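Heads up: the structure comes next, in structure tokens.
Values in this text are rule-based calculations from the coordinates and carry no lab data. If you're wondering where the values come from, they're calculated on a predicted model, not measured in any experiment. Cβ placement follows ideal geometry from the backbone for every residue including glycine, while neighbour counts extend to all protein chains displayed.
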Amino acid sequence: MSNTATLEINGEKYEFPVIHGTENELAIDIKRLRGGTGGVITIDPGYKNTGSCESAITFLDGEKGILRYRGYAIEDLAEKAGFLEVAYLLIFGELPHAEQLDKFHSDIKSHAYVDEEVKKILDGFPKAAHPMGVLSSLTSALTAFNPSSVNVDSEEAMYNAIAKILGKFPVLVAWTMRKKTGMPLDYGDDNLGYVENILKMMFKRPNQEYTQNDIIVNALDKLLILHADHEQNCSTSTVRIVGSSHAGLFASLSAGISALWGPLHGGANQAVLEMLEAIREDGGGTKKYMAKAKDKGDPFRLMGFGHRVYKNFDPRAKIIKVAADEVLGELGVEDPILDIAKGLEQEALADQYFVDRKLYPNVDFYSGIIYRAMGIPVEMFTVMFALGRLPGWIAQWREMRLRKEPIGRPRQVYIGENHRAFKNLNER
Ligand code: CMC
């Protein structure tokens, strides 16, 4: 395999090293391109061909539909591991032993509260505020209560900061939902598992004992694992780039939450459900929506379809589709939009437009149907995605800081006006 790549510009040849990933991925290392060529850069809007870093966290092969965290197949993790184990794996690189997992959980629990003044900030939001905006703001506000930045050279300080955010973030998530549903704010219960506790914080009514439903706990655990990392996607790249300026962990995460909010990214899970609902209200026929999705003059896209990297199937979508059937069956929920979703998927997979462009259902296509069956309001769906993605963001931020990556600062090709003389106001 070649170890160099040659580039010819204006008759001049330049050699660049080729980097080999552990899964035989090849990348041309252009770190010395600009300096060596007297100013030439590459341009790649949307970074479709650009690697921003070397990373040992997540591997995905979009052609083969493979996703692995730290070498472990997503299918195995979703079936055999718990969310907190997966969080530990992503962040620290290995599956924890029983004692490490116990310690990790109890360290997280020791931080599972927020300053009472956070309630005042939450109070300031109108009830109609979108939960993603609220979550991003509250995560950023944590900085005010934890002003000193993490000493990334201290393993202990790093570990404590990680336990702190893993403890506090579920409280913010639950409060964001309770704000929306008008429920009094509540703290969790240290005797419960991490995911059970999150559900209790979200759903406990002030006048009732809370009873845990194992079907819902297991379903949420699986969904969180499936969302936990996805290498250099939009929100993760945001976390890394904001963190690369040495902005703090909470500020970097808050930026990641804002990036996730968009409907082309994590916001798609809400958009899918709204689309399926609109189809149902329209009589259930999918033809009109398929035609709109294919019409280049119409901005409408089939939400939950397509992926930048997966050009075969999204392995997470496969698992979630099976889980949707199981969870709705076990909970005894009959939701007509599950059938609409399945019909739409079949139709799209057989349609030349979608076949030619290799558009398959992605992680967001079926997840909202499960969230809805759990009783989670539609505007909270992307918040649930953020909850799952938190360990991935932390792992990527930690890796970026430990590798001492430089500040992220892309170049551009300027296409504006050349130098021109200033005209005074009365001359324009
Ligand atoms: N419906 C209709 N056409 C589509 C769709 C879609 N969902 N997705 C892509 N296309 C078409 C697109 O119009 C383009 O057609 P043409 O080649 O004729 O111009 C072609 O497929 C390639 O699309 P692209 O926009 O260049 O691809 P991309 O890699 O830049 O975008 C995407 C990927 C996920 C943003 C896009 O597929 C999309 O908008 N999907 C719908 C939103 C969605 O479900 N997002 C969740 C993504 S997975 C979870 C996550 O990332 O958070």
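Overview of values
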{"quantity": "GNM flexibility winner over the chain from Asn146, Asn49, Asn207 (Cα, springs under 10 Å)", "calculated": "Asn207"}
{"quantity": "Isotropically averaged projected area of region 311-368, using the convex hull of Cα atoms (one quarter of hull area), nm²", "calculated": "3.8 nm²"}
{"quantity": "Extended-chain gain in nm, criterion 0.36 nm per residue less alpha-carbon gap, Asp356 and Glu63", "calculated": "104.1 nm"}
{"quantity": "Dipole in debye (nearest 20) - region 1-97, about Cα centre, beta carbon charges: Lys, Arg +1; Asp, Glu -1", "calculated": "300 debye"}
{"quantity": "Euclidean distance between Cα centres, region 193-235 to region 34-70, Å", "calculated": "32 Å"}
{"quantity": "Sites Gln212 and Phe92 - FRET efficiency at Förster radius 25 Å, r taken between beta-carbons, to 0.05", "calculated": "0.30"}
{"quantity": "Lysines with Cα under 16 Å of Lys127, excluding same-chain neighbours fewer than 8 positions away", "calculated": "Lys119, Lys179, Lys180"}
{"quantity": "Contour minus Cα-Cα distance for Asp102 and Glu330 (0.36 nm per residue)", "calculated": "79.1 nm"}
{"quantity": "Top positive-direction residue, dipole computed over region 174-232 with Cβ charges, set Ile216, Gly193, Ala228", "calculated": "Ile216"}
{"quantity": "Prolate/oblate/rounded call for region 268-402, Cα gyration tensor, a/c under 1.5 rounded", "calculated": "oblate"}
{"quantity": "Span per principal axis, largest first, for the Cα atoms of region 1-82 (Å)", "calculated": "56, 29, 20"}
{"quantity": "Hits among lysines - C-alpha to C-alpha of Lys321 under 21 Å, sequence gap 8 or more where chains match", "calculated": "Lys64, Lys80, Lys222, Lys311, Lys342, Lys358"}
{"quantity": "Asn426-Val322 pseudo-label distance in nm [points 7 Å out on the Cα-to-Cβ vector]", "calculated": "8.0 nm"}
{"quantity": "Taking N as its residue count, the alpha carbon Rg of region 77-140 over 2.2 N^0.38 Å", "calculated": "1.54"}
{"quantity": "Spatial separation of Cα centroids for region 373-411 and region 76-147, in angstrom", "calculated": "11 Å"}
{"quantity": "Rounded to the nearest 20 debye, dipole of the chain from Cβ charges on Lys, Arg, Asp, Glu", "calculated": "1560 debye"}
{"quantity": "Debye intensity ratio I(q)/I(0), log10, region 138-208, q values 0.20 Å⁻¹ (C-alpha model)", "calculated": "-0.88"}
{"quantity": "Max mean-square fluctuation residue, GNM over the chain, Cα-Cα springs under 10 Å, options Val309, Val272, Val239", "calculated": "Val309"}
{"quantity": "Residue (of Met177, Val18, Gly304) at the positive-pole extreme of the chain, dipole from beta-carbon charges", "calculated": "Val18"}
{"quantity": "Whole-Å semi-axes of region 104-152's equivalent ellipsoid (Cα gyration tensor)", "calculated": "23, 13, 11"}
{"quantity": "Total charge dipole magnitude, region 340-428, about the Cα centre, Cβ charges on Lys, Arg, Asp, Glu only, Debye to nearest 20", "calculated": "680 debye"}
{"quantity": "With eigenvalues of the C-alpha gyration tensor scaled by 5 and rooted, the chain, Å", "calculated": "36, 29, 24"}
